[in-house]
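Data block below; observations after.
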Amino acid sequence: MPPVIHSYDPPERFVAGTVGEPGQRTFFLQARAGGRLTSVSLEKQQVAVLATRIDELLDEVMAARAEESTVPAVAPFDLEDSEPLEQPIDEEFRAGTMTLSWDAGDERIVLEVFPLTEESVVSPDQPEEEIEEPEPEEMLVVRIPAGPARAFAKRAQAVVAAGRQPCPFCGGPLDPSGHLCPRANGFRRTTA
């Protein structure tokens, strides 16, 4: 059976967002075009890395095509999106592997998100010859121009930073009641 491809070229809206309280948040990528809405859940670290890589990729494109580049250096103010995720949030799949590229012909970022599967988990001692990439049953493909991509990255970084404050000693997340800090020999540190 051919895979289900949720394709947005370009989306009317493409954002990262969360549901839940800090420490209990679920992260989502959400794309909308017309009446279609696709939500994919993923890990906080995946959101952070995706935002960083989008900015780095756009910086590389700017540097390589300095004279003819239409890539903005920062997120355009008029493209900023601080609205919550659209409802209802129906998770299509949980993100596993993601690919990111630049289409020079269309001057767009191309993001492909593949679902997390048991077959895609590879053990460190498994030889590369034995690794077989499974065909995905479903995937999300988003093609966005440089300006909206910068705006996506800026929002995604803000969403990641809006979580629990880091411990000033170990860097781990602090709960309101504190946490067992490894730098304090197991004693509880509090936010006060």
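Conditions tested, residue by residue: (1) closer than 27 Å to L174 by Cβ; (2) touching a Ser or Thr at 6+ places or on another chain (Cβ under 7 Å).
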{"residue": "H6", "(1), (2)": "no, yes"}
{"residue": "P10", "(1), (2)": "no, no"}
{"residue": "V40", "(1), (2)": "no, no"}
{"residue": "V49", "(1), (2)": "yes, no"}
{"residue": "L58", "(1), (2)": "no, no"}
{"residue": "R65", "(1), (2)": "no, no"}
{"residue": "A73", "(1), (2)": "no, no"}
{"residue": "L79", "(1), (2)": "no, no"}
{"residue": "E83", "(1), (2)": "no, no"}
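If you go through the stretch 85-97 and pick out every residue that is under 18 Å from P11 (Cα atoms) and either surrounded by 12 or more Cβ atoms within 10 Å (Cβ to Cβ) or charged (D, E, K, R) (or both), you end up with 6.
This table checks each residue for (1) at pLDDT below 95; (2) acidic (D, E); (3) touching a Leu at 6+ places or on another chain (Cβ under 8 Å); (4) not in a strand (DSSP E or B).
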| residue | (1), (2), (3), (4) |
| --- | --- |
| Q24 | yes, no, no, yes |
| Q30 | no, no, yes, no |
| Q46 | no, no, no, yes |
| A51 | no, no, no, yes |
| L57 | no, no, yes, yes |
| A73 | yes, no, no, yes |
| D81 | yes, yes, no, yes |
| V113 | no, no, yes, no |
| V122 | yes, no, no, yes |
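Per-residue answers, yes or no, for (1) surrounded by fewer than 16 Cβ atoms within 10 Å (Cβ to Cβ); (2) at pLDDT 90 or above; (3) farther than 22 Å from R13 by Cβ:
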{"position": "D103", "(1), (2), (3)": "yes, yes, no"}
{"position": "I109", "(1), (2), (3)": "no, yes, no"}
{"position": "P148", "(1), (2), (3)": "no, yes, no"}
{"position": "Q165", "(1), (2), (3)": "yes, no, yes"}
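Condition check for A16 on (1) of a type outside the set (D, E, K, R); (2) in a helix (DSSP H, G or I); (3) under 18 Å from the mean Cα position of the chain (by Cα): one failure, at (2). Name the single residue, out of those in the stretch 1-22 being closer than 18 Å to F93 by Cβ and surrounded by fewer than 17 Cβ atoms within 10 Å (Cβ to Cβ), that is modelled with the lowest pLDDT. Ranking the qualifying residues of the stretch 1-22, first place goes to M1.
The values are calculated or read from the model by the stated rules, or taken from the named source; none is laboratory data. As the structure is a computational prediction, the values presented were derived from the model and not from experiment. Here Cβ is always computed from backbone atoms with ideal geometry, including for glycine, and neighbour counts include all displayed protein chains.
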